[in-house]
Every structure is written in C-alpha cells, then in structure tokens.
Amino acid sequence: MAYSEKVIDHYENPRNVGGFGKEDAGVGTGMVGAPACGDVMRLQIKVNEQGIIEDAKFKTYGCGSAIASSSLVTEWVKGKTLDEAMTIKNSQIAEELELPPVKIHCSVLAEDAIKAAIEDYRKKSGASSSETH
Amino acid sequence: MSAVQADVVQSPAVRERPIYLDYQATTPVDPLVVEAMLPYLTQNFGNPASRSHSYGWSAEEAVENARAQVANAIHADPKEIVWTSGATEASNLAIKGAAHFYSGKGKHILTLRTEHKATLDTCRQLEREGFEVTYLDVQENGLVDLEAFRAALRPDTVLASILFVNNEIGVIQPMEEIGKILREHKIIFHVDAVQALGKVPVDVETIQADLMSLSAHKIYGPKGIGALYVRRKPRVRIEAQIHGGGHERGMRSGTLPTHQIVGMGAAAELAVRSMESDNRRIRQLRDRLLEGIMSRVDEVYINGDMEHRVPHNLNLSFAFVEGESLIMALKGIAVSSGSACTSASLEPSYVLRALGKSDELAHSSIRFGIGRYTTEEEIDETIALVAAKVGKLRELSPLWEMHLEGIDLNSVQWAAH
C-alpha cells in the first residue's frame, strides 16, 4: 500500500474537518457512498449571497485515499462559484493525489460529493418550500 | 537477554520499528533454535540420504532426532512424521493425498467455512477434479455446531478437515468430540494444528486425528519447514503429491533440509516445554490489552468466542472507522487487518463474514497477536495508540457523528455507487 506524500499529508492533517447545520441558510450538504462499500463522504458547502462558496467542511469514513480526496476538494471549492465547482473532475483529484488505479473510486466519490452538495444547496435555495432531508 | 530477543523487544526510546503484534503471521526464531541449527549449515552439511559415509549418517541422526522431538510434541510415533516444506504443503498432501487414495470409497469432503486458505483452496481444486465439498457454517462465536457437523456427514464422506485453532480469531474447536464422531463413521480426520502447537495440548490419540499439519515458523522455528503426521494404527494411506527419490517412505520426495528440520525439532520441544509459562504470561498481557482498550474506546466488538480461545489472539472490530485507514493510523504497531484491502480486493475477511459480521465490522477488524517476546510496555503503548487513533478517525467519521446523534445507520438510504 504505497501512498503518495500528498495523500499521507491530507490523511495526517486533514483540512476543514467538521460540518455546518444542515438547515442553515446557504448550506448545501452532499452525502455519498455506503458503509458496506467502505466509504461514506459528507461534504458541506456554505454559499454567500454572491453565489460563491465561502467555506466547506467534510467528514469521511473510508480509507486514506478517500479521506485525502475529500480533504482536498474542501480546499479546492473554497472561493469558487457553484458553476466553477461543478467543473471539478475526479481525474484532477486523482492526478493531484497521485492515486493508484485501485483508488480511483475515491476521487469519483469526492466529485459526486461536490455535485450532491451543490444540488442540495440549489434545491434548498431555489424553492424555499422544498423539503430538506 | 540474547541478541535475537533484543532485536524483537525494543524499549520505547530506541524503538525504530513498529511493535510486533502479529505472532499468528509468523514468529522470530528462538535463539536456542538458531543455535541448534547452525552446525547443520556448515560442519554437518551431509545429505541425510547418503548412506555410504559419516557426513550422511550424522545428518540422518539429526533428522531422526528431530522427528522424535516433533512426534513427542503431539504424542505420535516418529515413524508417523513426514517432513514437508511447510503446513501448506502438509495440508495439500493430506487432503489431496487422502481424497485421491480413498476416492473409490466416496468423493465427499467436509470442512468449515472458516478454515485456512491452504485447506479451502485445496478443496476447491478437488472440486474441479470431481469431488464434492461441504463448507459448513460455524456459529456466531466461530465454533462448529456439533449437531450440524454430524448432520453434514454423508455415506460417501471420506475425509473431514478441521482447523484446531483458528488463525484469525483464535477459537479452539471441540476436537475430541469431532474426532469421536469421525471415528464412529470411519471418516479420515485431517487436523490443521499449525496455530495449536505450543498454545494448547495437542495429542493425536485424544482427538483421534488421522492426519495433522504442523509448521515450524509459528512456534519460533524457521520458515520453510513443516510436517505431516500420518497415522499408522489404524493405517491411513495417502497418495504422494511430489515424486522423486522416494524419500519419507515415498510420501514426499526431495532432499531433506537438515538444518530446517533440526530447527523444527528444537522449536517443537521448546514449544511444549514453555507452553504453560508462555500461556500464563500471554494471558495476562491479553487481559491487559483487552481491558485497556475496552475502558478507553467505545463500540469495540470482540470477534470469536472468548472462552474457547487461545490467549495469544485478540481480534477486535472498531465500529464507525474503516479498516484500511485504521491500519494506516496504527502504523506504529505491526498488526494484521481482517480486511484484505491491502490486496486491493476490498473484500472483508471471509472468516468474520462466516461469523455473520456486517461488512463494516468485518472491514474494521484488527488481529492483535501476542507472543513470547511481547512486553507489558508494548501492550501499554498499543492501548494508548489505539485509543488515540480510533478517536481521531471517529472525529473524521460521519457515521460516528450519526451514531452519537442516535441515528440508526441501518435505517439510512445510502446512495449506492
């Protein structure tokens, strides 16, 4: 199990661990994966009135690569607009962290988590009557 | 403390390598064993099969002396011991050898789902050759249900293969009862006693074993040498799997590695001699480890029965943390994970799955293997490290947060991927 230095760095010093209140204004939550598969990522974004992601937090149950992938994307999405954040690709995450082929699914999950968080935010802010879950 | 021992036990201040708690994977060679082996690499290097000169005679004498030592350790006759390259070969020879020899009587084999791969893979091969194999389920505690075992026997069952002490969870199967059932039905009984020797009394008569696989490197002997016990009264026949010069009465050809054999003999004698004192000390350490972890960490589950278990093994699952990241976090200790993530297959341990554990708990299991050179300081350091690292990973875990909020994770609709 040879991890790159970047994975080990994110694993040992994860950035932006934690969460926001799911019901808070401007917060979008994405939870992807399943315990039985060995990874669950929860990514939350806080979007300001200009539509910019001003903060992001994560918690991840998973291997070192999964933790590193989610930690990395919390750094990447900060300061981006929602549309910009939507363009983050799993291949960029995998490349940055030098993930081996068996760990590519971790980067896919991180991309899914961003998209799910943005979708959740848009659903909440677009129609205030829509139920959160 | 001898040089070899000092290599294994390091004081915390000078520790350069992880604390070794993987004694079920392998053990260091005991200095006494090394000492016994050395002359057979240099001075007494003869081929034990050489009958025409003293080099051969002295090598043969050493081999026969070791054969007696191994036989004594399991209450067998030296003539019943066949040297092999290790226990994997011994189990292959036993299972294939007996299945092939007795295939005229029947082609059904009975074994357990929690057996070692050396048994399971050998049985798979026999299935490809037309044999039928029943892989019997075990109970939640890892032990075989004797009624289910009896019920699984068929008129065409010729062989049963059972692991005496499980390598992953350390549980001790009721061997005497199993042996009695099999003898009643005149079914050949192969016992994998690799993890039993030196940990529990092993007696081929009490358990009525017909074949028994043994290994040196699990009992502080060298790697690359094992033995198969083959009963003579009543005589059990096996077909050779390796052919050649007809060594080992035709059951296993190949020049005998005298130094390895001498090492196995010395290790077997030492294992029996130090069993009681080893067990007493190791049980204290195991209790200290278990109590230490349990008092500092919540949501820890023990895998395998605690009563019918060798103290050398403690297999724990840590809920709400993932196995591979746990192994990564515990890099200061050399342990084995029930999850086979390292092989990139992401398959949780088949042994824990057979116990009915969920994927999550099977994934997050750690096997702590305590041995002859484990110290109290190492155990205390391990407790502190486990508590700190599990705590850190749980702070990162959304599942732990949900658990603390009282959410039942089974009720959550997970987005599959």
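The values are calculated or read from the model by the stated rules, or taken from the named source; none is laboratory data. Keep in mind the model is a prediction, meaning the values are calculated, not measured. Glycine also receives a Cβ, built like all others from the backbone with ideal geometry; neighbour counts cover every protein chain displayed. For the accessible areas, the whole protein counts, side chains as well, though only heavy atoms, and no ligand, DNA or RNA atoms are used. Shrake-Rupley method; radii C 1.70, N 1.55, O 1.52, S 1.80 Å.
Checking B:E299, B:E347 one by one, the residue that is more than 18 Å from B:V165 (Cα to Cα), at pLDDT 95 or above and within 14 Å of another protein chain (Cβ to nearest Cβ) is B:E299 and no other. Within the stretch B:375-397, restricting attention to residues that are crowded, with 21+ Cβ neighbours inside 10 Å and not β-branched (V, I, T), the residue that is farthest from the other protein chains (Cβ to nearest Cβ) is B:E378.
To keep it simple, each residue is scored yes or no on (1) modelled with pLDDT of 95 or more; (2) in contact with a Lys or Arg (Cβ under 9 Å, 6 or more places away or on another chain); (3) open to solvent by less than 30 Å² (accessible area, probe 1.4 Å).
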| residue | (1), (2), (3) |
| --- | --- |
| B:A66 | yes, no, yes |
| B:Q69 | yes, no, no |
| B:A76 | yes, yes, yes |
| B:K79 | yes, yes, no |
| B:K96 | yes, no, no |
| B:G106 | yes, yes, yes |
| B:A118 | yes, no, yes |
| B:R124 | yes, no, no |
| B:G130 | yes, yes, no |
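Pairs meeting the criteria (first residue in the stretch B:359-375 and free of Cβ contacts under 8 Å to residues at least 12 places away in the same chain, second residue open to solvent by 10 Å² or more (accessible area, probe 1.4 Å), beta carbons under 9 Å, at least 6 apart or on different chains) are B:D359/A:A36; B:D359/A:C37; B:D359/B:P348; B:D359/B:R353.
Taking the stretch B:140-156, which residues are open to solvent by 10 Å² or more (accessible area, probe 1.4 Å) and in contact (Cβ under 8 Å) with a residue 24 or more places away in the chain?
Taking the stretch B:140-156 as the starting set, the residues that turn out to be open to solvent by 10 Å² or more (accessible area, probe 1.4 Å) are B:140-141, B:143, B:145-148, B:150-156.
Passing the criteria: B:E140, B:N141, B:L143, B:L146, B:R150, B:A152, B:L153, B:R154, B:P155, B:D156.
Considering the stretch B:301-312 alone, what residues qualify as being in a strand (DSSP E or B), in contact (Cβ under 8 Å) with a residue 60 or more places away in the chain and open to solvent by 10 Å² or more (accessible area, probe 1.4 Å)?
Residues of the stretch B:301-312 that are in a strand (DSSP E or B), as a first pass: B:301-302, B:309.
Narrowing further to those that are in contact (Cβ under 8 Å) with a residue 60 or more places away in the chain: B:301, B:309.
Within the stretch B:301-312, just B:Y301 meets the criteria.
Here is a check on your reading of the model: is B:D210 within 25 Å of B:K107 (Cα to Cα) and of a type in the set (D, E, K, R)?
Working: within 25 Å of B:K107 (Cα to Cα): yes; of a type in the set (D, E, K, R): yes.
Against the criterion (within 25 Å of B:K107 (Cα to Cα) and of a type in the set (D, E, K, R)), B:D210 qualifies.
Taking each residue of the stretch B:14-38 that is more than 18 Å from B:R286 (Cα to Cα) and looking for partners that are assigned to a strand (DSSP E or B) and open to solvent by 40 Å² or more (accessible area, probe 1.4 Å) with beta-carbon atoms closer than 9 Å, six or more apart or interchain, yields B:P28/B:Y20. Residue count for the stretch A:51-79, restricted to those that are open to solvent by 60 Å² or more (accessible area, probe 1.4 Å) and in contact (Cβ under 8 Å) with a residue 24 or more places away in the chain: 3.
This table checks each residue for (1) modelled with pLDDT of 95 or more; (2) under 17 Å from B:M175 (Cβ atoms); (3) small (G, A, S).
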| residue | (1), (2), (3) |
| --- | --- |
| B:A196 | yes, yes, yes |
| B:P201 | yes, yes, no |
| B:D210 | yes, yes, no |
| B:S215 | yes, no, yes |
| B:R235 | yes, no, no |
| B:I238 | yes, no, no |
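When A:K115 is tested against (1) under 15 Å from the mean Cα position of the chain (by Cα); (2) over 14 Å from A:M31 (Cα atoms), only condition (2) is not met. Looking only at the stretch A:83-127, which residues are more than 16 Å from A:V40 (Cβ to Cβ), β-branched (V, I, T) and within 14 Å of chain B (Cβ to nearest Cβ)? Answer for the stretch A:83-127, where residues must be more than 16 Å from A:V40 (Cβ to Cβ), β-branched (V, I, T) and within 14 Å of chain B (Cβ to nearest Cβ): A:V102, A:I104.
Within the bounds of the stretch B:323-337, is there any residue that is under 24 Å from B:D121 (Cα atoms) and within 14 Å of chain A (Cβ to nearest Cβ)? Give the steps one after another, and end with the answer.
Filtering the stretch B:323-337 for residues under 24 Å from B:D121 (Cα atoms) gives B:336-337.
The next check asks that each one be within 14 Å of chain A (Cβ to nearest Cβ); those that pass are B:336-337.
Yes, the conditions are met somewhere in the stretch B:323-337.
For the stretch A:12-50, a tally of residues being of a type in the set (V, I, T) and open to solvent by 10 Å² or more (accessible area, probe 1.4 Å) returns 4. Just the residues that are over 12 Å from the mean Cα position of the chain (by Cα), within 14 Å of chain B (Cβ to nearest Cβ) and among the hydrophobic types (A, V, I, L, M, F, W, C), please, taken from the stretch A:62-82. Within the stretch A:62-82, A:C63 is the sole residue that qualifies.
Here B:N315 passes the criteria (1) in a strand (DSSP E or B); (2) closer than 30 Å to B:E60 by Cα except the one numbered (2). Scanning the stretch B:361-404 for residues that are over 20 Å from B:I282 (Cα atoms) and acidic (D, E) gives B:E395, B:E401.
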